[in-house]
Amino acid sequence: MQKDPAPPRAWHEIVLDVLKANDIRLVPYVPDNVLKPLINAIHADPFFTTFTTAREEEAIGIVSGAWMAGRRGIVLMQTSGFATLANVLASLPCAFQIPALMMVSERGTLGEFNIGQAMVWRTMRPVLESLGMEHHVVSRLDECEFLCDRTIKQALMTQQPAALILSPLLTGGKIVTPKA
Amino acid sequence: MSQSLTTAHNAKRMYRFDLTQRLVARLRNDEAVIGGIGNSNFDLWSAGHRAQNFYMLGSMGLAIPIALGVALAQPRRKVFALEGDGSLLMQLGCLSTVAALAPKNLAILVFDNGVYQITGGQPTPASGGTDYAAIARACGLPGAVWAADEADFERLVQHCLETDGPHFIGLKLDDQPPVSQTERDPAQIRDRFMRGMGAKKSKLPG
Ligand SMILES: Cc1ncc(C[n+]2csc(CCOP(=O)(O)OP(=O)(O)O)c2C)c(N)n1
């Protein structure tokens, strides 16, 4: 009789392993509800140095400085956090060719309940595109490892910033049921 | 060290370039120095390029976060952040982050001229009396002080070099302009800094 296949790993387990495999140790973040299981797992693992910052801009400065001094990092944030970053991304990682890595939990689409989030969501891709910044949307569990691993590796090898966008298709997003 | 009696009101107004030269002259162990936007990094450049200097050309307010990143990456190297008052005001939250992480090897120097000098000298909203050293103490950096004068500054820098931080020194400035401007080649600045940090080896001459 054939054995049942192992249950698929959750997205945050896959992401955690990819970060470790690429020696990404420094993880400053401004929290997001959907990122909670990843944040909790990173806090629980002594491999990582992880902490909250007051602003996402600050976290970009921290991982940029750390990378120039030999330690790799990634910033976790939600869409609204990314929307605060255009100036510092343009003038620090883009101008100086620093592989600042970002993982963005995508709010504002596919069932968003908060119009503010839906509005700010519209700014994310235009900013990424106008900066010419490498970015990929992770929407499927079976693509999660490949997309995260290759995006991180390319950013590090080419010394360019990059963003990984975690779609609600992957994470489930944050849902509020409409009132009848 | 005993708490300095110098306050934001009686600190001597000093010359940024002179202070920067005094700092650099005391660096013996390849300490990293991160110069903030505009004049803060211009005077660091004018004091004589060192491989361990990083000159921030944009990203106003990020000199302290960048220095924090360097400090976390290399705990045995002392790291100085040189930041303008207007720039710090834009990113005050970073003081809480520094306090929370408490990197022993980080020293923050704030150049407080009360104005946005590089954009024409407009007063910052804090120029009416906001006390940055008091803010830093309230954020959890209890040793934050104002330098009374140049001699006091030299003592405080030596204290940063010889004792565990994080340290914070407030510096009241006169209104003299910067001496010259940094060569604006970000990729080259980054490359040289990484070599200075020992984080990059290359056969391309640097
Ligand atoms: C986000 C952002 N806003 C405004 C500016 C324009 N700007 C560049 S330097 C500067 C003033 C910096 O003030 P401070 O840090 O006090 O240094 P100072 O010029 O007084 O030496 C301003 C407003 C900018 N570069 N970035």
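Let me know the shape class of the protein assembly as shown, please: from the alpha-carbon gyration tensor, a ≥ b ≥ c as square roots of the eigenvalues, rounded when a/c is under 1.5, otherwise prolate if a/b is greater than b/c, or oblate. Don't jump to the answer; show the numbers that get you there.
On the way: a/c = 2.04, a/b = 1.78, b/c = 1.15.
Prolate is the answer for the protein assembly as shown, as a/c is 1.5 or above and a/b outweighs b/c.
Which positions within region A:32-65 get 30 Å² or more of their accessible surface covered by the other protein chains, compared to the chain by itself, with a 1.4 angstrom probe?
Flagged in region A:32-65: A:PHE51, A:GLU57, A:GLU58, A:GLY61, A:ILE62, A:GLY65.
Taking the alpha-carbon distance from B:LYS172 and a cut-off under 22 Å, which lysines remain once sequence neighbours fewer than 8 residues away in the same chain are dropped?
Correct list for B:LYS172: B:LYS12.
So what is the orientation-averaged projected area of region A:23-170, using the convex hull of its C-alpha atoms, in nm²? Intermediate values should be presented prior to the final figure.
On the way: hull surface 32.8 nm².
Averaged projected hull area, Cα only: 8.2 nm².
Using label points projected 7 Å from each Cα along Cα→Cβ, tell me how many nm separate B:ASP18 and B:LYS203, to one decimal.
5.0 nm
Counting only protein chains, not ligands or nucleic acids, how are B:ILE135, A:ILE165, A:ILE115 ordered by accessible area (probe 1.4 Å), most first?
Values: B:ILE135 40, A:ILE165 0, A:ILE115 120 Å².
Output order, biggest surface exposure first: A:ILE115, B:ILE135, A:ILE165.
Note the per residue figure in Å³ for the convex hull of the C-alpha positions in chain B.
Working: hull volume 22.2 nm³, N = 206.
Output value, Cα hull per residue: 108 Å³.
Using a Gaussian network model on chain A with a 10 Å cutoff between Cα atoms, which of A:SER167, A:SER80, A:SER130 fluctuates the most?
A:SER130
How would A:VAL18, B:VAL179 rank on accessible area, largest to smallest, probe 1.4 Å? Could you put the intermediate results ahead of the total?
Values: A:VAL18 10, B:VAL179 75 Å².
Ranked from most to least accessible, the order is B:VAL179, A:VAL18.
Residues of the protein assembly as shown: accessible area per residue at 1.4 Å, in Å²?
It amounts to 43 Å² per residue over the protein assembly as shown.
Would you please give the FRET efficiency between A:LYS3 and B:ALA138, computed as 1/(1 + (r/R0)^6) with r the Cβ-Cβ distance and R0 = 56 Å, to the nearest 0.05? Before the final figure, lay out the partial values.
Values: r = 61 Å, r/R0 = 1.08.
With a Förster radius of 56 Å, E is 0.40.
I'd like the carbon and sulfur percentage of the solvent accessible area for region A:23-170, probe radius 1.4 Å, heavy atoms only, ligands and nucleic acids excluded. Walk me through the intermediate numbers first.
Working: 2930 of 5600 Å².
Here carbon and sulfur together make up 52 percent of the probe-accessible area.
Just to confirm a number: summing +1 for Lys and Arg and -1 for Asp and Glu over residues other than B:ALA47 whose beta-carbon lies under 14 angstrom from that of B:ALA47, what do you get? Mind showing how you got there, number by number?
Values: positive: B:ARG16, B:ARG22, B:ARG26, B:ARG50; negative: B:ASP18, B:GLU31, B:ASP43.
Local net charge: +1.
Quick one: with all protein chains in place, what share of the accessible area of region B:83-206 is carbon or sulfur, to the nearest percent (1.4 Å probe)? Before the final figure, lay out each step's value.
Values: 2840 of 5330 Å².
Solvent-exposed carbon and sulfur of region B:83-206 make up 53 percent of the total.
Among all the lysines, which ones have a C-alpha under 22 Å from B:LYS104's C-alpha, if same-chain residues fewer than 8 places away are not counted?
B:LYS78
Any idea how far the Cα center of region A:79-127 sits from the one of region B:90-168, in Å?
Here the two parts' Cα centres lie 31 Å apart.
Which Cα, out of A:ALA59, A:ILE42, A:PRO178, lies furthest along the positive dipole direction of chain A (beta carbon charges, K/R +1, D/E -1)?
The Cα lying farthest towards the positive end belongs to A:PRO178.
What's the angle, to the nearest 10 degrees (0 to 90), between helix B:186-196's Cα axis and the longest principal axis of chain B?
Long axis of B:186-196 versus the principal axis of chain B: about 80 degrees.
Quick check: the distance between the Cα centres of region B:50-65 and region A:4-19, to the nearest angstrom?
Measuring centre to centre over Cα atoms gives 38 Å.
Where nothing but the Cβ of Lys and Arg (+1) and of Asp and Glu (-1) is charged, how large is the charge dipole of region B:8-196 around its Cα centre, in debye to the nearest 20? Walk me through the numbers on the way to the answer.
On the way: 18 positive and 19 negative charges, 104 e Å.
With Lys and Arg at +1 and Asp and Glu at -1, about 500 debye.
Name the shape class, rounded, prolate or oblate, that the alpha-carbon gyration tensor gives for region B:70-111, where a ≥ b ≥ c are the square roots of its eigenvalues, rounded holds for a/c under 1.5, and otherwise prolate holds if a/b is larger than b/c and oblate otherwise.
Details: a/c = 2.85, a/b = 1.58, b/c = 1.80.
The shape class here is oblate.
The values are calculated or read from the model by the stated rules, or taken from the named source; none is laboratory data. Just so we're clear, the structure is a prediction, and the values are computed from it rather than from any experiment. Don't worry about glycine lacking a Cβ; one is built from the backbone with ideal geometry, like all the others, and counts go over all protein chains shown. Surface accessibility is based on the protein's heavy atoms, side chains included, excluding ligands, DNA and RNA. Shrake-Rupley method; radii C 1.70, N 1.55, O 1.52, S 1.80 Å.
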